[in-house]
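Enquirer: Structure provided below as structure tokens; questions to follow.
The values are calculated or read from the model by the stated rules, or taken from the named source; none is laboratory data. The structure displayed is predicted, hence computed values, not measured ones. Neighbour counts run over all protein chains shown; Cβ positions are idealised from the backbone, glycine included. Heavy atoms of the whole protein, side chains included, go into the accessibility calculation; ligands, DNA and RNA do not. Shrake-Rupley method; radii C 1.70, N 1.55, O 1.52, S 1.80 Å.
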Amino acid sequence: MSILVNKDTKLIVQGFTGSQGTLHSEQSIEYGTNIVGGVTPGKGGIKHLGKPVFNSVHDAVKELNPNASIIFVPAKFCKDSIMEAADAGIKLIICITEGIPTIDMLDVKRHIDDLGIRLIGPNCPGIITPGEAKLGIMPGDIHIPGSIGIISRSGTLTYEAVKQTTDLGFGQSSCVGIGGDPIPGSSFIDMLKLFEDDDKTEAIVMVGEIGGSAEEAAAEYIKNNITKPVISYIAGQTAPAGKRMGHAGAIIAGGKGTAKDKIEKLKKCGVHIADNLVSIGSKVAEVIN
Amino acid sequence: MNLHEYQGKALFAEFNLPVSKGKVVFDADEIIDACNEIGGSKWVVKAQVHAGGRGKAGGVELIDNPQDGVEFAKKWLGKNLITYQTDKKGQPVNSILVEECMTIAKELYLSAVIDRESQKIVFIGSSEGGVNIEDVAKKYPEKIIYEGVVYGDKALSENAENIAKVLKLNKDQTNQFIPMIENLLRLFVEKDLSLLEINPLVITENGDLHCLDAKINIDSNALYRQPDLAEMYDQSQEDPQEAEAAKNDLSYVSLDGNIGCMVNGAGLAMGTMDTIKFYGGNPANFLDVGGTATQQRVAKAFKIILDDPDVKVVLVNIFGGIVRCDLIAEGIISAIKEVDVKIPVVVRLEGNNAEKGSQILSKASIKIDSINNLADAAKKAVDFAK
């Protein structure tokens, strides 16, 4: 088992023929992901990477019946692209693009929630179920199939957690980057629920960072609902208040959202804390064994 | 991106919100004309900087003689204003806002932000204005209301009435307040704001609502569709290194340590800073070099890091995802040569082709400490910095 994606995932790519769409689609196909086609307005009818291209998600859905879409279109078109995929009936949408205006995401979030659609991202590395399907921009070869579920707000930080759990032989059931934006499509809690119900996942690694209160909310949820061990690392312990640390979401505002507060709350709720980035893997080993 | 008060008030006026008659001046000689144009016999002169707490720092003055305004302008223009919200250098004053003087009966607080928990725009209102709202939140939480709203929703006037109650507005004022909230929300959405604060919102001696201050922050991701606002960018209010980095699409924040950091990815950059601290060192900066660590970007990043005279060593931490580490290694070597880096450089490469990358680094004609393990690389950098 796994969460969200597996070998049965039939994926279309929005922004298929662009440079990012092409590069990452090639790598995903090489990994074994079942990409059935793509969408680029105005290029319908051609073949790209051996797959059919359509003018709209609607057309692609009619012909290919996909169950997931990944979006690589530029930020200014993302709102329309996500809405289009949602309205065409795609139930799992992954948006990799960063830099989407927050006002756009407020509308998007309300719309997809109304329709009951799962959106991962934006501004995220995507999802991978090792050995089955890679829907994202992560390097496939650091992953091995295994028992750890990984959720993270950051890209390269996810890879770090993946590498450490791979090196120690645990491997991953699935890894999800939920993205570093203020209004993400899915939250830690959404993913914790899925990992709790997944037979293959033995333990969950949650990589958080400063800003907002998503980790605090997750801590409360874990205390009441999650029976599997959760290991957490929070980045930004040395970040100053009031400064935005790269991610639009990573800012300590009005004394709220500090790493210290998050770690204390997580500890209180029974989460195991890796106090250093380099000790995520060893903490997992300590908890599992 | 922050706006100055005078720019924010121009937006307020555009959206039919009540603001004082005023004029911004960039030269002390223009003050007298400004006072005459505004009319009346009393004026307020306000130093324009991207920071709050100006009043207490002497950056706001009440005058009843235009000549006093000239003195005020001469005192501040070209100088830095230091408030509790600025760093110890303060922010440069390049303009002064001259306004008609209002007689105030009561000061209130009103702001709007995008709230991550409720995933809505939330108005925050309080009957206690003109003071630090965070203090009010601590001491009198019952005097603050957080009202989530949805643009275009029918319930908006109801939302406004809920806030009006906490602000203790009478019926006339509530009738002014409802369209005010509607206009503020329209401004927020149409202009892609991420924060808007009016502190204080006042009740004048005539019992009318009036916006005495305007603090506006615009979502930088939306500037492409807000060309008029993008033009209001004032680089003088930014840290020069951070502004230079932003021009090159690098995300940089200056800190007070001595270990320069260059990392790909914001999360990993924060994690690297934490690791340095964990082993007893102090990071000099946060720097996210981005997903594609090409030679040009790495060279630019080295230049920005080395502009900080405190930096004694640079720790480069790259997790090669899609980008191959051997290419990154070559980029790093060329960049170090190009920038002529004279201090120790510790490089940790991991991921795609990492071993090949490390080999290239260790064979380089310049000395680079290539260490595969992040903990060891951080320890090495901390040693160099001692």
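Enquirer: Let me confirm something: among B:L315, B:L349, which residue is under 19 Å from B:L255 (Cα atoms) and either touching a residue at least 24 places away in the same chain (Cβ under 8 Å) or among the hydroxyl-bearing types (S, T, Y) (or both)?
Expert: Numbers: B:L349 fails: under 19 Å from B:L255 (Cα atoms).
The match here is B:L315.
Enquirer: So how many residues does the stretch B:290-343 have that are outside any helix (DSSP H, G or I), touching an Asp or Glu at 6+ places or on another chain (Cβ under 7 Å) and within 21 Å of B:Q241 (Cβ to Cβ)?
Expert: Matching residues across the stretch B:290-343 total 1.
Enquirer: Now for a separate question. Somewhere in the stretch B:26-43, is a residue without any contact (Cβ under 8 Å) to a residue 12 or more places away in the chain and not charged (D, E, K, R)?
Expert: The answer is no; no qualifying residue exists.
Enquirer: Something else: May I ask you to list pairs of residues, at least six apart or on different chains, whose Cβ atoms are under 8 Å apart, with the first in the stretch B:126-146 being more than 17 Å from B:D213 (Cβ to Cβ) and without any contact (Cβ under 8 Å) to a residue 12 or more places away in the chain and the second being in a strand (DSSP E or B) and of a type in the set (A, V, I, L, M)?
Expert: B:A137/B:I144
Enquirer: Can you tell me which residue in the stretch A:137-160 is farthest from A:I71 (Cα to Cα), limited to those that are at pLDDT 95 or above and under 14 Å from the mean Cα position of the chain (by Cα)?
Expert: Filtering the stretch A:137-160 for residues that are at pLDDT 95 or above and under 14 Å from the mean Cα position of the chain (by Cα), the one farthest from A:I71 (Cα to Cα) comes out as A:G149.
Enquirer: Now a separate question. Give me the residue from the stretch A:198-218 that is away from every other protein chain (no Cβ under 14 Å) and either open to solvent by less than 10 Å² (accessible area, probe 1.4 Å) or free of Cβ contacts under 8 Å to residues at least 40 places away in the same chain (or both) and, out of that set, nearest to A:L4 (Cα to Cα). Outline the logic, then answer.
Expert: Kept after step one, since they are away from every other protein chain (no Cβ under 14 Å), are these residues of the stretch A:198-218: A:198-204.
So of that shortlist, the ones also either open to solvent by less than 10 Å² (accessible area, probe 1.4 Å) or free of Cβ contacts under 8 Å to residues at least 40 places away in the same chain (or both) come out as A:198, A:201, A:203-204.
Numbers: A:D198: 10, A:T201: 13, A:A203: 17, A:I204: 15 Å.
The selected residue is A:D198.
Enquirer: Out of all the residues in the stretch B:114-134, which are out of contact with any Phe, Trp or Tyr (no Cβ under 6 Å at 6 or more places or on another chain) and of a type in the set (S, T, N, Q)?
Expert: Scanning the stretch B:114-134 gives B:S118, B:Q119, B:S127, B:N132.
Enquirer: A further question on this structure: When you scan the stretch A:5-25, do you find a residue that is in contact with an Asp or Glu (Cβ under 6 Å, 6 or more places away or on another chain) and either surrounded by fewer than 17 Cβ atoms within 10 Å (Cβ to Cβ) or at pLDDT below 95 (or both), even just one?
Expert: First, the residues of the stretch A:5-25 that are in contact with an Asp or Glu (Cβ under 6 Å, 6 or more places away or on another chain): A:6-7.
Now restrict to residues that are either surrounded by fewer than 17 Cβ atoms within 10 Å (Cβ to Cβ) or at pLDDT below 95 (or both): A:6-7.
Scanning the stretch A:5-25 turns up at least one residue that is in contact with an Asp or Glu (Cβ under 6 Å, 6 or more places away or on another chain) and either surrounded by fewer than 17 Cβ atoms within 10 Å (Cβ to Cβ) or at pLDDT below 95 (or both).
Enquirer: If we keep just the residues of the stretch B:236-257 that are in a helix (DSSP H, G or I) and either closer than 18 Å to B:K191 by Cα or modelled with pLDDT of 90 or more (or both), which is nearest to the other protein chains (Cβ to nearest Cβ)?
Expert: Residues of the stretch B:236-257 in a helix (DSSP H, G or I): B:236-237, B:240-247.
Among the residues that remain, those that are also either closer than 18 Å to B:K191 by Cα or modelled with pLDDT of 90 or more (or both) are: B:236-237.
Numbers: B:S236: 19, B:Q237: 14 Å.
Filtering the stretch B:236-257 for residues that are in a helix (DSSP H, G or I) and either closer than 18 Å to B:K191 by Cα or modelled with pLDDT of 90 or more (or both), the one nearest to the other protein chains (Cβ to nearest Cβ) comes out as B:Q237.
Enquirer: Quick check: anything in the stretch B:273-283 touching a strand residue (DSSP E or B) at 6+ places or on another chain (Cβ under 6 Å), within 7 Å of chain A (Cβ to nearest Cβ) and more than 14 Å from A:I234 (Cα to Cα)? Walk me through how you get there before you give the answer.
Expert: Taking the stretch B:273-283 and keeping what is touching a strand residue (DSSP E or B) at 6+ places or on another chain (Cβ under 6 Å), we get B:273, B:276, B:281, B:283.
Going one step further and asking which of them are within 7 Å of chain A (Cβ to nearest Cβ), we end up with B:273, B:283.
Filter again for more than 14 Å from A:I234 (Cα to Cα), leaving B:283.
Yes, there is a match, as at least one residue in the stretch B:273-283 is touching a strand residue (DSSP E or B) at 6+ places or on another chain (Cβ under 6 Å), within 7 Å of chain A (Cβ to nearest Cβ) and more than 14 Å from A:I234 (Cα to Cα).
Enquirer: Hey, among B:E182, B:E158, B:E142, B:E190, which residue is among the acidic types (D, E) and farther than 27 Å from B:G207 by Cα? Can you show your working first?
Expert: On the way: B:E182 fails: farther than 27 Å from B:G207 by Cα; B:E158 fails: farther than 27 Å from B:G207 by Cα; B:E142 fails: farther than 27 Å from B:G207 by Cα.
The conditions single out B:E190.
Enquirer: Can you name the residue in the stretch A:220-242 that is within 14 Å of chain B (Cβ to nearest Cβ) and touching a Cys at 6+ places or on another chain (Cβ under 9 Å) and is also farthest from A:I128 (Cα to Cα) among such residues? If you could, list the steps in order and put the result at the bottom.
Expert: Step one: filter the stretch A:220-242 for residues within 14 Å of chain B (Cβ to nearest Cβ), giving A:220-221, A:232-242.
Cutting the leftovers down to touching a Cys at 6+ places or on another chain (Cβ under 9 Å) gives us A:220-221.
Numbers: A:E220: 27, A:Y221: 24 Å.
Across the stretch A:220-242, the extreme among qualifying residues is A:E220.
Enquirer: Quick check: is even one residue across the stretch A:95-114 free of Cβ contacts under 8 Å to residues at least 24 places away in the same chain and more than 10 Å from every other protein chain (Cβ to nearest Cβ)?
Expert: Yes; the residues of the stretch A:95-114 include at least one that is free of Cβ contacts under 8 Å to residues at least 24 places away in the same chain and more than 10 Å from every other protein chain (Cβ to nearest Cβ).
Enquirer: Return yes or no: is B:Y279 open to solvent by 40 Å² or more (accessible area, probe 1.4 Å) and of a type outside the set (D, E, K, R)? Write out each step before concluding.
Expert: Values: open to solvent by 40 Å² or more (accessible area, probe 1.4 Å): yes; of a type outside the set (D, E, K, R): yes.
Criteria met by B:Y279.
Enquirer: While we're here: If a residue must be assigned to a loop (DSSP other than H, G, I, E, B) and touching a Pro at 6+ places or on another chain (Cβ under 7 Å), how many such residues does the stretch A:1-20 contain?
Expert: Kept after step one, since they are assigned to a loop (DSSP other than H, G, I, E, B), are these residues of the stretch A:1-20: A:1-10, A:15-18.
The next check asks that each one be touching a Pro at 6+ places or on another chain (Cβ under 7 Å); those that pass are A:10.
Total meeting the criteria: 1.
Enquirer: Among the numbered criteria (1) within 12 Å of another protein chain (Cβ to nearest Cβ); (2) at negative phi, which single criterion is violated by A:R118?
Expert: With (1) within 12 Å of another protein chain (Cβ to nearest Cβ); (2) at negative phi applied to A:R118, the lone miss is (1).
Enquirer: Output the number of residues of the stretch A:73-103 satisfying the condition of being under 21 Å from B:D249 (Cβ atoms) and out of contact with any strand residue (DSSP E or B) (no Cβ under 7 Å at 6 or more places or on another chain).
Expert: The initial filter retains those residues of the stretch A:73-103 that are under 21 Å from B:D249 (Cβ atoms), namely A:73-78, A:95-102.
Imposing the further condition that a residue be out of contact with any strand residue (DSSP E or B) (no Cβ under 7 Å at 6 or more places or on another chain) reduces the set to A:74-77, A:98-101.
The total comes to 8.
Enquirer: Now a separate question. Evaluate the following for B:F302: is it within 32 Å of the chain's Cα centre (by Cα), modelled with pLDDT of 90 or more, under 12 Å from B:I259 (Cα atoms) and buried (at least 24 other Cβ atoms within 10 Å of the Cβ)?
Expert: On the way: within 32 Å of the chain's Cα centre (by Cα): yes; modelled with pLDDT of 90 or more: yes; under 12 Å from B:I259 (Cα atoms): no; buried (at least 24 other Cβ atoms within 10 Å of the Cβ): yes.
Considered against the rule, which asks whether it is within 32 Å of the chain's Cα centre (by Cα), modelled with pLDDT of 90 or more, under 12 Å from B:I259 (Cα atoms) and buried (at least 24 other Cβ atoms within 10 Å of the Cβ), B:F302 comes out as no.
Enquirer: For B:K89, only one of the following conditions fails: (1) open to solvent by less than 10 Å² (accessible area, probe 1.4 Å); (2) under 20 Å from the mean Cα position of the chain (by Cα); (3) not β-branched (V, I, T). What is its number?
Expert: B:K89 satisfies every listed condition except (1).
Enquirer: Another one. Would you please name the residue that is surrounded by the fewest Cβ atoms within 10 Å (Cβ to Cβ), looking only at residues in the stretch B:7-38 that are in contact with a Cys (Cβ under 8 Å, 6 or more places away or on another chain) and assigned to a helix (DSSP H, G or I)?
Expert: Across the stretch B:7-38, the extreme among qualifying residues is B:F12.
Enquirer: Within the stretch A:177-198, can you find the residues that are more than 9 Å from the chain's Cα centre (by Cα) and polar (S, T, N, Q)?
Expert: Selection gives A:S187 alone.
Enquirer: Could you check the stretch B:85-127 and list, in sequence order, the residues that are outside any strand (DSSP E or B) and within 12 Å of chain A (Cβ to nearest Cβ)?
Expert: Residues of the stretch B:85-127 outside any strand (DSSP E or B): B:85-90, B:93-95, B:101-103, B:116-119, B:127.
Result: B:Q85, B:T86, B:D87, B:R116, B:E117, B:S118, B:Q119.
Enquirer: Being open to solvent by 70 Å² or more (accessible area, probe 1.4 Å) and more than 19 Å from B:K23 (Cβ to Cβ) is the filter here, so list the residues in the stretch B:39-74 that pass it.
Expert: The answer is B:K56, and nothing else.
Enquirer: Next question, about the same structure. Limited to the stretch B:204-249, what total is found for residues that are farther than 15 Å from B:L11 by Cα and among the hydrophobic types (A, V, I, L, M, F, W, C)?
Expert: Taking the stretch B:204-249 as the starting set, the residues that turn out to be farther than 15 Å from B:L11 by Cα are B:204-209, B:219-225, B:234-249.
Those left that are additionally among the hydrophobic types (A, V, I, L, M, F, W, C): B:209, B:222-223, B:243, B:245-246.
Looking only at that region, the number is 6.
Enquirer: Just to be sure, is B:G357 in contact with a Ser or Thr (Cβ under 9 Å, 6 or more places away or on another chain), more than 13 Å from chain A (Cβ to nearest Cβ) and closer than 18 Å to B:G265 by Cβ? If you could, list the steps in order and put the result at the bottom.
Expert: Working: in contact with a Ser or Thr (Cβ under 9 Å, 6 or more places away or on another chain): yes; more than 13 Å from chain A (Cβ to nearest Cβ): yes; closer than 18 Å to B:G265 by Cβ: yes.
So B:G357 fits the description; yes.
Enquirer: Just one of (1) away from chain A (no Cβ under 14 Å); (2) surrounded by fewer than 17 Cβ atoms within 10 Å (Cβ to Cβ) trips up B:V313, so point out which.
Expert: (2)
Enquirer: Which strands (runs of 3 or more DSSP E) does the stretch A:133-196 wholly contain that include 1 or more residues that are more than 10 Å from chain B (Cβ to nearest Cβ) and open to solvent by 10 Å² or more (accessible area, probe 1.4 Å)? Walk me through how you get there before you give the answer.
Expert: Working: elements: A:133-136, A:145-152, A:172-177.
Output list reads A:145-152.
Enquirer: Among the listed residues B:S365, B:S370, identify the single one that is away from every other protein chain (no Cβ under 13 Å), free of Cβ contacts under 8 Å to residues at least 60 places away in the same chain, touching a helix residue (DSSP H, G or I) at 6+ places or on another chain (Cβ under 6 Å) and polar (S, T, N, Q).
Expert: Values: B:S365 fails: touching a helix residue (DSSP H, G or I) at 6+ places or on another chain (Cβ under 6 Å).
Going through B:S365, B:S370 in turn, the sole match is B:S370.
Enquirer: Quick check, is A:A248 outside any helix (DSSP H, G or I), open to solvent by 40 Å² or more (accessible area, probe 1.4 Å) and either modelled with pLDDT of 95 or more or not acidic (D, E) (or both)? So that I can check it myself, show each step before the final result.
Expert: Numbers: outside any helix (DSSP H, G or I): yes; open to solvent by 40 Å² or more (accessible area, probe 1.4 Å): no; either modelled with pLDDT of 95 or more or not acidic (D, E) (or both): yes.
Judged against the criteria, A:A248 is not a match.
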